[in-house]
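K.L.:
There's a structure below that I have some questions on.
Values in this text are rule-based calculations from the coordinates and carry no lab data. Since the model is a prediction, treat every value here as computed from it, not as a measurement. Reconstructed Cβ throughout: ideal geometry from the backbone, glycine too, with neighbour counts over all protein chains shown.
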Amino acid sequence: MYFITDNHIVDDLSVEFWNRTKLLIKQQNTTQEFIAKQVGVTLGVFQGWIYNKRFPNAYQAVLIASALGVTVEYLVTGKDSNPYKEQLDKLKASIIPILTEPPADKK
């Protein structure tokens, strides 16, 4: 679906791109300013992209995704291209308690 705002066409993909980006920033307890620095733009430029729902260029999108630890595909579609992601997430969830548990002699 497309709609017009401020004399430019915005599609659902750009809206969802920024919704996912903002959610990840919040979940990771980081800031838009930090991500903007990783991309090499000012906070004002970054916030302008979000407000106007405009895609960054391809290279900048890669830098945003990298700073957030996801793929550009995920930011655009919500799908991850890694077919092993679910298995890796389960493995990570099972390992973390083992790594954070104090040794038996320290209990």
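K.L.:
Express in nm, to one decimal, how much length is gained between Lys85 and Asn57 on full extension, taking 0.36 nm for each residue of separation and deducting their alpha carbon distance.
P.N.:
Numbers: separation 28, 0.36 × 28 = 10.08 nm, distance 2.63 nm.
Full extension of this stretch gives 7.4 nm more.
K.L.:
How much net charge surrounds Val45 when only other residues with a Cβ under 15 Å from its Cβ are counted (Lys, Arg +1; Asp, Glu -1)? Please report the intermediate quantities before stating the final value.
P.N.:
On the way: positive: Lys37, Lys53, Arg54; negative: Glu33.
Charge balance in the 15 Å sphere: +2.
K.L.:
Report, in debye and to the nearest 20, how large the dipole of region 35-93 comes out about its Cα centre when Lys and Arg carry +1 and Asp and Glu carry -1 on their Cβ.
P.N.:
On the way: 7 positive and 4 negative charges, 24 e Å.
That gives a dipole near 120 debye.
K.L.:
Taking 25 Å as the cut-off for C-alpha to C-alpha distance, list the pairs among Lys53/Lys92; Lys26/Lys92; Lys26/Lys90; Lys26/Lys79 that go past it. Could you put the intermediate results ahead of the total?
P.N.:
Working: Lys53/Lys92 34 Å; Lys26/Lys92 21 Å; Lys26/Lys90 23 Å; Lys26/Lys79 19 Å.
Flagged as over cut-off: Lys53/Lys92.
K.L.:
Name the residue farthest towards the positive end of the dipole of the chain from the options Thr100, Leu23, Ala36, assuming +1 on Cβ of Lys and Arg, -1 on Cβ of Asp and Glu, about the Cα centre.
P.N.:
Thr100
K.L.:
How large is the charge dipole for the chain, taken about the Cα centre, if only the Cβ atoms of Lys, Arg (+1) and Asp, Glu (-1) carry charge, to the nearest 20 debye?
P.N.:
On the way: 12 positive and 11 negative charges, 56 e Å.
I would put it at about 260 debye.
K.L.:
Before rounding to the nearest 500, sum -39500 (n - 2.57) across all DSSP H runs of length at least 4 in the chain and divide by the residue total; then give [θ] at 222 nm in deg cm²/dmol. Kindly include the intermediate steps, with their values, before the conclusion.
P.N.:
Numbers: 6 runs with 67 residues, N = 107.
Value at 222 nm, helices only, nearest 500: -19000 deg cm²/dmol.
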